[in-house]
Every structure is written in C-alpha cells, then in structure tokens.
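Engineer: Structure in structure tokens, see below.
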Amino acid sequence: MNDRLQFLKSVKPFHLLGDDVLIGVVDLLQEVTYSKDTVIYHQEATKLRGVDLIVEGEYESFFYDSAQNKRVLEPHGPGYCYGGISMLLNRKKSLRTVIAKKGTRVYFLHRRDFRALAKSHEGFLHHFTQEFGIRMLNEEFAHFVKRPTSFEENYIATDQLYSRRIESVEYRHIITCTSTTPIYTAARIMAEHKTSCIFVKNEVGQIAGYITDITLRDNVVAAQEDVRGQVKEIMDNPIVSIRKDAYVYEAILLMFRTKTRYLLIEEYGEYVGMISRSKLLSDQAQSPFVFIQSVKLARSGAELRAKWQRVPEIVMQLLLRGAKSEIINQVITTVADTIAQKVIEEVIAICGPAPAKFVFMVLGSEGRKEQTLKTDQDNAIVYEDKANEQRELVREYFLRFADLVSEKLDYIGFSYCTGGYMAKNPKWTHSLSHWKRNYHEWMREIVPETAIQFSTFFDCRIIYGDGAIMKELVSFLDEELQKPMPRLFFHMANNALQYEPPLTFFKNIRTFTVGSQQVFDIKKAMTPIVDLVRVYALQNRIFKTNTGERIEALAEIGVFTEKQCQELMQSYYYLMGLRLRKQASQIMHDKSEPDNYLDIQSLTKIEQVTLKEIFKTISDFQLGIKVQFTNSLFG
C-alpha cells in the first residue's frame, strides 16, 4: 500500500490531493499489464471506462489522418495519467489512438471514482482543463480535435485542399520554343503536344514569356498580326513560378492574385514542370477556390455584391472543415482583392485610360492579408510624378477615379472607412514624391497621432497598377529606416502598449457589459500582437505585410526564438479563429451585422483557459517591448 501511495503522490494531478484522499484512492486501483504491443484505444471510437496511471513502460498516443499516417505522435512514460481529458471533455471517448508498449504496467481507476475526484477537488479538475487549453494552442492538435460529426468525409476534402503539396499533383512537362520562332510554328508545336501553353526562351535559354490559346486569339487573330512574325513580339509575361513543395491552396491563391492561368514548378532553382489553373480547380470541385473563380467571372456590381454576401458561408464551411485561420484570411482577402480589381477595371472603362502610371494599394488588415467579415475600405492611390502643366489634370482624373471606386465598393459591401483612410479622401491620393514626403514627415516629426498613421500606411500592399512605383516607395522607406530613429520606435512601441490583454489581477478575463452579455473585444485583444510584431519588422526593415509572415521572417534572423515564434503564431491565429467563427455565426444564424465582441459565456471552459494562456503570452511580449524600446518597466 505504501508503494502505491508514494506512486500516487508523484502523478499529476493526484499530487494535489491530501493523504487521506489518496489512501482511499489506493484501494480503488486495479493493476493491468501488457505482455506485447497492444492498441488499447481508438480515437473518437473507444469509450473509456476510466483513466490509466502508467507505472512502468510506455504509452504511445497519436491521431490517424485520412491516409492512416500517425500525426502529433507523443510518448508517455511512468507517472503520466491518460484519459482525464477524454473523460472530462470529450464525452468519455478517447481523443487519440493509444498503443501500450510491451511490458507496460498501469494502475486503472474507474471513471465514476475519477469523476468524483474531479467534482470535489477544483485544482484536480483544473489541471486537465489547463493541459487541454495549452494543447489546443498547437494548431495540428486542434485540427484533429475540433472536427464535425461527418469528420472523415470532411477531413479528406480538407486534406486535399490544405495539406496536399504540388509535388503530389500530376503536372506536365514544359513545352518551349525560342523567342525567334515564327508564331505559326509555335501554334503547330502546341497542337502537336495538345497543350494550351508554350513557354518562350530568350537567346540565353531562359524562359522569358509564354503563349496561350488566349494569346493567339487576342494578340494575333484579333490584332490581325502576321503569323510569320516572331513569338517574342506577341508573347505574354511575367513568368510566375512556385516551389514544388508548396501547398496546392498556395498555388491556386497565387494564380488568382497574379491573374495567371499557368504556373511553372520550381525545384532547386530549376523549372521541372508546369500546371494550369483549370487542372488544379478541377480537383477541387466543391472547394472555396471554385467560388473565387466564380467571383472573377461576375459581370456586374449586383453580382459582385451577391458573391460577397456568400463569403460568410464559405468561411463557415472552412471552419467546420478545420481549415487554419491564416488560410481563411487568405481566402477572404483573395475574394476582396478580386472584387476590388474588377471594380477598378470597370471604373477605368468609364473614366478612360489613366493619364499616368499608378498604384492602388490597400492598407490595414487588408494590407496585411488578415481580413475578417467585419471590414471597411482602407486604401490609397500613388501615381507617378508628371510635368507641372499636367499635374492638375492627372490629379483631377485620380480623384474622380477614387470616388467612383469607393462608391462601387460601398455598394458591394465594403463600407466607407469612418477614419477616412480611403483613396476617396484627397489626402490619400497623391503623386509618388508627395507620398515620399508623407512618410518622411511621419518618421521624422513623429508624435502619437502620426505614429498611428505610419502604422496604417506601413501595412500597405499593391492590388492593382504598376509594381515599379510600389517598389520605389518601398526602397525609399528602406533607405530612411537605415537612419537612426529612436523617437519613431519609441512612439511605435508606445502604440503597441496601448491595448493590454484583458486579464484581471487574479488572471481572469476582464469583461464589460453589452446588452445582457459579458464580453471582451477580441480585435483589441489581438492588436498588441499586430503592433509589437510591426515594431520589430520596422526595426529590422522587413517589408512583408502579413503578421504571420513577419513573425517567421523575424525568427529566421534570430529576433524571435523558435519557441517565441510558435507562441505568437499559435496565439494570434487561435484568436483569429474565434473572431471569424463569431462573425460568420452572427451573419448566418443571427442575421445581424458582425462585431468584435465575444461573449465569455459562449466559450467552453477549455477555450477560456486557452485564452488566459494566450493573454499571458501577449503580456510577456509587451514587457519585452517596454524594456527594449521605452527603457521602462512601468510605462
């Protein structure tokens, strides 16, 4: 008996119980030994009779995916209690598949006795809820746990969409011709190989362009070009490529963003094949990517409006399939970008060709590719500098252009920005030289107000226009940021400290009342991560706009450790998932406008525990910002 009692004192959370309780538990334990490797529990199938306390040997727990691969593999040795989380939080069904290794000996405690301990000892119960909350920060773990009833069918679809890589797709060999090949010869080669795309090599053997069936239709037949001319005169570009180990969904989104129908596949710096958009989409018959294609084919503002109204349904479908939050953000952003691009093209058709090269850029959450379902317009226009006599005419064109674009976007469902951060505002439609002055003044004469403006306009991304203008603006910023700017980083850091995680002194979630609900603002809870990552990105001249991409880039150069990188990524996208789920539910089920208020009572105990862990993580990072950029621990 003494041996069992001492053993129980070494097992979490039994060590929290008093000796008088443990002595009673000792008499309830049943010893079980496994003489060979044995599968004892099957995920989501085996109903547990109780919990197992490993005395010697090892349990191996994992999830099986749709291809019967072991995922999130974990060994558990002596002193580990298996089954508590499943018993308390998963309807008594084993969360994972478990193999008991040969020679393993366990003490078994029946579920009625285990549940009695959990009910009568809060700390005992809290151990399992906290452990589960921490585990749910691991996105792969959460992916397998948070799944719908018809999981197998949905997971297979999810696997195809979000887990499959390009290398697993059957891609085609690259068909090429030289830049001096006659047009009719290139067409014959395409016919012989039954391909709708041929790539064109320049004089040094590098792929410099391509010709498709559409190229021949638009650039040759419609333009009545001589088919004996050289292909370099009618070929299309730029060339767009993707790594062989990239995911299928990344390839599809890249195609939509770049408006290309063909991707070259790259491996170790060499092109090894090509793939078409129609090929990839044909494999995704029920996927959101087919919906994006339908957005591209929409022909009127009313049709685009109807498409945008369907986005919450797409988001809910992705959430139910267990898709990662960053993937959902990308899908929303790609739909929004596609709509904006179509609107811009429509307005150019109304106003006539632009009198100068320009860039239409998006800002804020859309600039970061982190759009949710509660979104407004955040955009600006940068156009090339023109001679004095043309300046007024150019400006007049772009201000009218911006008005029409904003008006049409508002009709579709992207409401006007209450803060006025829109190209429609004359303040944010200007020449490149004017924009350079804006950034220079914000950085040199920085005060709290201009720090907010700079933050908004640092998160900028081109969605239409001449990329060379954007490149020049970024180069200007890069040069400026190489100069000493302590005041800039001081005010930017202070900006990142404005929103504190909603944790009370006793580590509970601080709420306020809206109607009959006790809520907290999840957008404000996420803001410190966005802000603090932006400060580090600025300091290190990282011009990626997406928060996740910034975190990874900062980890690559050693600013964040691998552990910090994982904590920030998991925290940010866990909050994003809660936010998207709430907004989609409001629109689809409540038929109401989405907001960023999360009712604390709508969350499970596990979600509440997970949130507390996340808010602790954010507080720790804010402390680092205080010390590094403001030289203060207290403000």
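Engineer: Go through the range 481-493 and give me each residue that's outside any loop (DSSP other than H, G, I, E, B) and out of contact with any Phe, Trp or Tyr (no Cβ under 8 Å at 6 or more places or on another chain).
Structural biologist: If we filter the range 481-493 for residues that are outside any loop (DSSP other than H, G, I, E, B), which is where we start, we get 481, 486-493.
Scanning the range 481-493 gives Leu481, Pro486, Arg487, His491.
Engineer: Next question. Taking the criterion of being touching a His at 6+ places or on another chain (Cβ under 9 Å) and crowded, with 24+ Cβ neighbours inside 10 Å, would at least one residue in the range 324-335 satisfy it?
Structural biologist: Narrowing the range 324-335 to residues touching a His at 6+ places or on another chain (Cβ under 9 Å): 324.
Remaining after also requiring crowded, with 24+ Cβ neighbours inside 10 Å: none.
No.
Engineer: Please tell me if Thr504 is of a type in the set (Ser, Thr, Tyr), touching a Lys or Arg at 6+ places or on another chain (Cβ under 7 Å), surrounded by 16 or more Cβ atoms within 10 Å (Cβ to Cβ) and assigned by TED's automatic domain parsing to the domain that holds Pro594.
Structural biologist: Working: of a type in the set (Ser, Thr, Tyr): yes; touching a Lys or Arg at 6+ places or on another chain (Cβ under 7 Å): yes; surrounded by 16 or more Cβ atoms within 10 Å (Cβ to Cβ): no; assigned by TED's automatic domain parsing to the domain that holds Pro594: yes.
The answer is no for Thr504.
Engineer: Has the range 111-128 got any residue that is at pLDDT below 90, closer than 25 Å to Tyr572 by Cα, surrounded by 17 or more Cβ atoms within 10 Å (Cβ to Cβ) and not assigned by TED's automatic domain parsing to the domain that holds Gln608?
Structural biologist: Yes: one or more hits.
Engineer: All but one of (1) over 14 Å from Val169 (Cβ atoms); (2) under 24 Å from the mean Cα position of the chain (by Cα); (3) crowded, with 20+ Cβ neighbours inside 10 Å hold for Ser241; state the number of the condition that does not hold.
Structural biologist: Result: Ser241 fails condition (3) only.
Engineer: Still on this structure, please answer the following. Condition check: under 27 Å from the mean Cα position of the chain (by Cα), at pLDDT 90 or above and either part of a helix (DSSP H, G or I) or assigned by TED's automatic domain parsing to the domain that holds Val343 (or both). Does Lys424 satisfy that? Break it down into steps so the answer makes sense when it comes.
Structural biologist: Numbers: under 27 Å from the mean Cα position of the chain (by Cα): no; at pLDDT 90 or above: yes; either part of a helix (DSSP H, G or I) or assigned by TED's automatic domain parsing to the domain that holds Val343 (or both): yes.
Answer is no for this residue.
Engineer: Only one residue in Val25, Val39 is in the same structural domain as Arg91 (by TED's automatic domain parsing), touching a residue at least 12 places away in the same chain (Cβ under 8 Å), surrounded by 17 or more Cβ atoms within 10 Å (Cβ to Cβ) and of a type in the set (Val, Ile, Thr). Which one?
Structural biologist: Numbers: Val39 fails: surrounded by 17 or more Cβ atoms within 10 Å (Cβ to Cβ).
After applying the criteria, what remains is Val25.
Engineer: Oh, and also: Any chance you could count how many residues in the range 528-565 are hydroxyl-bearing (Ser, Thr, Tyr), free of Cβ contacts under 8 Å to residues at least 40 places away in the same chain and either surrounded by 17 or more Cβ atoms within 10 Å (Cβ to Cβ) or in the same structural domain as Ile462 (by TED's automatic domain parsing) (or both)?
Structural biologist: Narrowing the range 528-565 to residues hydroxyl-bearing (Ser, Thr, Tyr): 536, 545, 547, 561.
Next, from what is left, pick out any that are free of Cβ contacts under 8 Å to residues at least 40 places away in the same chain: 536, 561.
Adding the requirement that they be either surrounded by 17 or more Cβ atoms within 10 Å (Cβ to Cβ) or in the same structural domain as Ile462 (by TED's automatic domain parsing) (or both) leaves 536.
Looking only at that region, the number is 1.
Engineer: Of all residues in the range 401-423, how many are free of Cβ contacts under 8 Å to residues at least 24 places away in the same chain and on the phi < 0 side of the Ramachandran plot?
Structural biologist: Initially, the range 401-423 is screened for residues free of Cβ contacts under 8 Å to residues at least 24 places away in the same chain, giving 403, 407, 419-420.
When the remaining residues are screened for being on the phi < 0 side of the Ramachandran plot, the result is 403, 407, 419.
Qualifying residue count for the region: 3.
Engineer: Next question. I'd like the residue in the range 52-75 that is of a type in the set (Phe, Trp, Tyr) and free of Cβ contacts under 8 Å to residues at least 40 places away in the same chain and, out of all such residues, is farthest from Glu31 (Cα to Cα). If you could, list the steps in order and put the result at the bottom.
Structural biologist: At the first step, the residues of the range 52-75 found to be of a type in the set (Phe, Trp, Tyr) are 59, 62-64.
Checking which are free of Cβ contacts under 8 Å to residues at least 40 places away in the same chain leaves us with 62, 64.
On the way: Phe62: 24, Tyr64: 28 Å.
For the range 52-75, the residue satisfying everything is Tyr64.
Engineer: Among the candidates Thr372, Thr418, single out the residue that is over 15 Å from Thr456 (Cβ atoms) and β-branched (Val, Ile, Thr).
Structural biologist: Being over 15 Å from Thr456 (Cβ atoms) and β-branched (Val, Ile, Thr) holds for just one of Thr372, Thr418, which is Thr372.
Engineer: Let me confirm something: among Gln390, Gln377, Gln371, Gln341, which residue is more than 30 Å from Glu250 (Cα to Cα) and either surrounded by fewer than 18 Cβ atoms within 10 Å (Cβ to Cβ) or modelled with pLDDT of 90 or more (or both)? Before you say what the answer is, go through the steps one by one.
Structural biologist: Details: Gln377 fails: more than 30 Å from Glu250 (Cα to Cα); Gln371 fails: more than 30 Å from Glu250 (Cα to Cα); Gln341 fails: more than 30 Å from Glu250 (Cα to Cα).
The match here is Gln390.
Engineer: Moving on to the next point. Taking the residues in the range 155-175 that are farther than 30 Å from Glu192 by Cβ and either basic (Lys, Arg) or not in a helix (DSSP H, G or I) (or both) as candidates, determine which candidate is modelled with the lowest pLDDT.
Structural biologist: From the range 155-175, those farther than 30 Å from Glu192 by Cβ are 155-165; that's our starting set.
From the residues that got through so far, the ones that are either basic (Lys, Arg) or not in a helix (DSSP H, G or I) (or both) too are 164-165.
Values: Arg164: 70, Arg165: 81.
The residue in question is Arg164.
Engineer: Among Ile175, Ile183, which is the only one that is touching a helix residue (DSSP H, G or I) at 6+ places or on another chain (Cβ under 6 Å) and under 27 Å from Tyr247 (Cα atoms)? Give the steps one after another, and end with the answer.
Structural biologist: On the way: Ile183 fails: under 27 Å from Tyr247 (Cα atoms).
Unique residue meeting the criteria: Ile175.
Engineer: Being of a type outside the set (Val, Ile, Thr) and either touching a residue at least 40 places away in the same chain (Cβ under 8 Å) or within 15 Å of Glu225 (Cβ to Cβ) (or both) is the filter here; which residues of the range 176-191 pass it?
Structural biologist: Cys177, Ser179, Pro182, Tyr184, Ala186, Ala187 - these are the residues of the range 176-191 that are of a type outside the set (Val, Ile, Thr) and either touching a residue at least 40 places away in the same chain (Cβ under 8 Å) or within 15 Å of Glu225 (Cβ to Cβ) (or both).
Engineer: Does any residue of the range 89-107 turn out to be out of contact with any Ser or Thr (no Cβ under 6 Å at 6 or more places or on another chain), of a type in the set (Phe, Trp, Tyr) and under 19 Å from Met136 (Cα atoms)?
Structural biologist: no
Engineer: Answer yes or no as to whether Lys471 is free of Cβ contacts under 8 Å to residues at least 24 places away in the same chain and either within 30 Å of Val347 (Cα to Cα) or aromatic (Phe, Trp, Tyr) (or both). Break it down into steps so the answer makes sense when it comes.
Structural biologist: Details: free of Cβ contacts under 8 Å to residues at least 24 places away in the same chain: yes; either within 30 Å of Val347 (Cα to Cα) or aromatic (Phe, Trp, Tyr) (or both): yes.
Judged against the criteria, Lys471 is a match.
Engineer: Look through Gln622, Gln539 and report the one residue that is more than 30 Å from Glu472 (Cα to Cα) and polar (S, T, N, Q).
Structural biologist: Going through Gln622, Gln539 in turn, just one is more than 30 Å from Glu472 (Cα to Cα) and polar (S, T, N, Q): Gln622.
Engineer: Do we have any residue at all in the range 48-57 that's in a loop (DSSP other than H, G, I, E, B), buried (at least 17 other Cβ atoms within 10 Å of the Cβ) and modelled with pLDDT of 95 or more? Steps first, answer last, please.
Structural biologist: Of all residues in the range 48-57, those in a loop (DSSP other than H, G, I, E, B) come to 48-49, 57.
Now restrict to residues that are buried (at least 17 other Cβ atoms within 10 Å of the Cβ): 48, 57.
Still in the list and also modelled with pLDDT of 95 or more: 57.
There is at least one residue in the range 48-57 that is in a loop (DSSP other than H, G, I, E, B), buried (at least 17 other Cβ atoms within 10 Å of the Cβ) and modelled with pLDDT of 95 or more.
Engineer: Name the one entry in Phe476, Phe512 that is surrounded by fewer than 18 Cβ atoms within 10 Å (Cβ to Cβ), of a type in the set (Phe, Trp, Tyr) and out of contact with any strand residue (DSSP E or B) (no Cβ under 8 Å at 6 or more places or on another chain).
Structural biologist: Just one listed residue meets the conditions, Phe476.
Engineer: Identify, from the list Phe401, Phe360, the residue that is more than 30 Å from Arg579 (Cβ to Cβ), among the aromatic types (Phe, Trp, Tyr) and at pLDDT 95 or above. Break it down stepwise before answering.
Structural biologist: Numbers: Phe360 fails: more than 30 Å from Arg579 (Cβ to Cβ).
It is Phe401.
Engineer: Filter the range 1-47 for residues that are assigned to a helix (DSSP H, G or I) and within 46 Å of the chain's Cα centre (by Cα); which is farthest from Glu122 (Cα to Cα)? Working first, answer last.
Structural biologist: First pass over the range 1-47, keeping only residues assigned to a helix (DSSP H, G or I): 2-9, 14-16, 19-26.
Subsequent filtering for residues that are within 46 Å of the chain's Cα centre (by Cα) retains 7-9, 14-16.
On the way: Phe7: 21, Leu8: 18, Lys9: 17, Phe14: 12, His15: 13, Leu16: 10 Å.
Going through the qualifying residues, I end up with Phe7.
Engineer: So which residues in the range 393-417 are touching a helix residue (DSSP H, G or I) at 6+ places or on another chain (Cβ under 7 Å), farther than 15 Å from Trp428 by Cα and buried (at least 19 other Cβ atoms within 10 Å of the Cβ), if there are any at all?
Structural biologist: If the condition is that a residue be touching a helix residue (DSSP H, G or I) at 6+ places or on another chain (Cβ under 7 Å), farther than 15 Å from Trp428 by Cα and buried (at least 19 other Cβ atoms within 10 Å of the Cβ), then Lys408, Leu409, Ile412 are the ones that fit.
Engineer: Just give me the residues in the range 553-576 being under 19 Å from Gln628 (Cα atoms), under 18 Å from the mean Cα position of the chain (by Cα) and not aliphatic (A, V, I, L, M), in sequence order. Talk me through it step by step, then tell me what you get.
Structural biologist: The first filter runs over the range 553-576 and keeps only residues under 19 Å from Gln628 (Cα atoms), leaving 554-555, 557-561, 564-565, 568.
Filter once more, keeping what is under 18 Å from the mean Cα position of the chain (by Cα): 554-555, 564-565, 568.
Listed by number, the residues that qualify are Gln564, Cys565.
The values are calculated or read from the model by the stated rules, or taken from the named source; none is laboratory data. Given the structure is predicted, the values throughout are model-derived calculations rather than measurements. A quick note on method: Cβ atoms are made from the backbone with ideal geometry, for glycine too, and the neighbour counts reach across all protein chains shown.
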